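Student: If you scroll down you'll find the structure; I have some questions about it.
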Amino acid sequence: MKLKSLLLVGGALLTGPAASAGGYQVTLAGQKNNGMGGVGVGLSLDQAAMFYNPGALAMVRDRGVQLGVNGTLARNSFVAEGSSTQRELRNSVVTPFNLYVGFGPEEGKFRAGIAVYTPFGSKLQYADGWEGRTSLTDIDLKSIYVQPTFSYAITDQLSVGAGLMILAYGAVNLQRDIALPDSYGHIELDGKAKNKLGYNAGVFFKPSEKLSVGVSYRSKIDAQVEDGDVTFTNIPDSFKPRFEATKFSATLPLPATTSIGIGVMPNEKLTIGFDVNFVEWSAYRALTFEFDRQINGQTTSTSKRDYEDALTFRLGGQYRLTDGLTVRAGGAYDDSPVRDGFVTPETPDANRVSLTAGASYAFGKFGVDASVQYVKIDKRTQTQQDLLNNGTTDRIAGTYKTNIVIPGIGLNYNF
């Protein structure tokens, strides 16, 4: 039994199948944006600009607080190569959230704020006894970013901003079965990520009342788990000397993203946005685990990833029907960074199309935002020959299908 196949499950470190973006990226940072296909880089909608483009925050006239939460309801299935049996994942719901507080002088040139959001988080529970049980059975992961942000309007048309991204909390629990001659054992990896720093910066330019343009950059952060716990169960006494590890460490790149956005306002009621995101997934070449003791004679495990850089295209708009009611719609196309023959059970990714809708109702200083997304991920098949050709036989051949529905709700208060 090779060590790299034993610990393929580790590829889900702070990841899992992303709810609304390729690879293991999640972009559910603002309820208004969620209803508009995820656009926001070239717009100054509300305090969620801290995530999409800190440069636009200075152009948000209202000071306020907003809190939002989403539920990701995924339907995943798998059919192994040479089989007709479809394996369904056990149902699980993940609830990424966001909190923004924006403040500053009412007529001043600057805005500051604090953002708290969950850019990575998922839960997968494959069917009992499924064909890939020795690659993965369960994932449960959580992450929380905190981002203090400052934005300044250089002129009435041009503003800049930046935020310090802090990986404040990250936790991961990964489980899989171990094939033994006459039975299956079980391994569980459980660890917390170190606090790490990155940054988010942007520029926003509004040459006229009908046009705005934005550029933003979110830096790469290397998520590191050190001193994580390794636990083995159902291992017969005769095999226990081969499974001695009690601790593990690993590093996963959370890639940099460059975004360009355009906003068009044909009239005071209609707003249209278009974004392009470029994600530097090529930073993810391999995943290496180090253990304090040997597992089957080895203390290091490396699994190939070889991700490719990828683009996402987003288009959306909103229309103010009345002084209180605004409706939204949009869509997105996301190019998967996962190459053929490199698909893993923890990230059964493929190119995806998203359709979104949303609405807001404001009454006085209070408001309610609602959104819903439907994400269709292309069917993804890899054969055993693909795995042999790429040297990725530490994963399973077959076909994955995934569809996701993501409802969301948010509350906001302007002061």
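FYI, it's all coordinate maths here, none of it is from the lab. The structure displayed is predicted, hence computed values, not measured ones. Cβ sites come from the backbone with ideal geometry, for glycine too, and all protein chains shown count toward neighbours.
Student: Given H placed on each backbone N at 1.01 Å, which residues far from Ala48 in sequence or on other chains put an amide H within less than 5 Å of it?
Tutor: none
Student: Follow-up. For the chain, what number results from the quotient of the Cα radius of gyration and 2.2 N^0.38 Å?
Tutor: 1.03
Student: Oh, and also: Pull out the extension gain between Ser249 and Ser77, defined as 0.36 nm times the separation in residues minus the alpha carbon to alpha carbon distance; nm, one decimal.
Tutor: Result: 58.9 nm gained on full extension.
Student: With just the Cα atoms defining each centre, how far is segment 188-255 from segment 370-409? Give it in Å.
Tutor: Centre-to-centre distance over Cα atoms comes out at 21 Å.
Student: Also, quick follow-up: Whole-Hz ³J(HN,Hα) for each residue in segment 186-196, computed from phi via Karplus 6.51 cos²θ - 1.76 cosθ + 1.60 with θ = phi - 60°, x for glycine and proline: what do you get?
Tutor: Using θ = phi - 60°, the values come out as 9, 10, 10, 10, 9, x, 10, 7, 5, 5, 9 Hz.
Student: Summing -39500 (n - 2.57) over the DSSP H runs of n ≥ 4 in the chain and dividing by its residue number, what mean residue ellipticity at 222 nm do you reach, to the nearest 500 deg cm²/dmol?
Tutor: -1000 deg cm²/dmol
Student: A follow-up question, please. Multiplying the sequence separation of Asp182 and Ala283 by 0.36 nm and subtracting their Cα-Cα distance, what value in nm do you get? Can you show the working numbers first?
Tutor: Numbers: separation 101, 0.36 × 101 = 36.36 nm, distance 4.03 nm.
Between Asp182 and Ala283, full extension yields 32.3 nm more.
Student: May I pose another question? May I ask you to evaluate 6.51 cos²θ - 1.76 cosθ + 1.60, the Karplus curve with θ = phi - 60°, for each residue of segment 291-301 and list the ³J(HN,Hα) values in order in whole Hz, giving x for glycine and proline?
Tutor: So the Karplus estimates, Gly and Pro as x, are 10, 6, 9, 6, 10, 6, x, 10, 10, 9, 10 Hz.
Student: What do you get for trypsin sites (Lys or Arg not before Pro) in segment 325-415 restricted to DSSP loop and a cutoff of at most 11 other Cβ within 10 Å of the site's Cβ?
Tutor: Loop-located and lightly packed - Lys365.
Student: Taking the chain as a Gaussian network, where each spring joins two C-alpha atoms under 10 Å apart, which residue of Ile154, Ile272, Ile262 fluctuates the most?
Tutor: Highest fluctuation of the listed residues: Ile154.
Student: Once both labels are modelled 7 Å past Cα along the beta-carbon direction, what's the Thr393-Asp237 spacing in nm?
Tutor: Roughly 3.5 nm, to one decimal.
Student: Hey, can you grab everything whose amide H is under 5 Å from the amide H of Asn296? Only 5+ residues off in sequence or another chain; H modelled, so Pro and N-termini drop out.
Tutor: Phe243, Glu244
Student: With a cap of 13 neighbouring Cβ atoms within 10 Å, and only residues DSSP puts in a loop, list the trypsin sites (Lys or Arg not before Pro) found in segment 72-153.
Tutor: Those that pass, being in a loop and sparsely packed, are Arg90.
Student: Taking 60 Å as R0, compute the FRET efficiency from the Cβ-Cβ separation of Ser84 and Ala256 and round it to 0.05.
Tutor: Calculated transfer efficiency: 0.90.
Student: If the convex hull of the alpha-carbon atoms of segment 74-144 is projected onto planes in all directions, what is the mean projected area in square nanometres?
Tutor: For the Cα atoms of segment 74-144, the hull's average projected area reads 7.1 nm².
Student: Which residues in segment 63-89 have a backbone N closer than 19 Å to a point placed 7 Å from the Cα of Glu107 along the Cα-to-Cβ line?
Tutor: Label zone hits: 63.
Student: Just rank Ser77, Ser216, fewest to most, by other beta-carbon atoms within 10 angstrom.
Tutor: Final ranking by Cβ density, sparse to dense: Ser77, Ser216.
Student: How large is the Rg to Rh ratio of segment 306-415 when both quantities use alpha carbon positions and Rh follows Kirkwood?
Tutor: Result: Rg/Rh = 1.18.
Student: In terms of Cα to Cα distance under 21 Å, which lysines are near enough to Lys220, apart from those fewer than 8 places away along the same chain?
Tutor: Hits, sequence-local ones excluded: Lys142, Lys192, Lys194, Lys196, Lys304.
Student: Taking R0 as 35 Å, what's the FRET efficiency between Leu211 and Thr95 from their Cβ-Cβ distance, rounded to 0.05?
Tutor: Working: r = 37 Å, r/R0 = 1.05.
After rounding to 0.05, the efficiency reads 0.45.
Student: Using a 7 Å offset from the Cα along the Cα-to-Cβ direction at both Ile154 and Arg61, what is the distance between the two label points in nm, to one decimal?
Tutor: Simple spin-label model gives 2.4 nm for this pair.
Student: While we're on this one: Could you give each residue of segment 67-73 its phi-based ³J(HN,Hα) in whole Hz, using Karplus coefficients 6.51, -1.76, 1.60 with θ = phi - 60°, and x for Gly or Pro?
Tutor: 9, x, 9, 10, x, 9, 10
Student: In segment 189-292, what GluC sites (Glu not before Pro) fall in a loop by DSSP, with at most 13 other Cβ atoms inside 10 Å?
Tutor: The qualifying sites are Glu209, Glu268.
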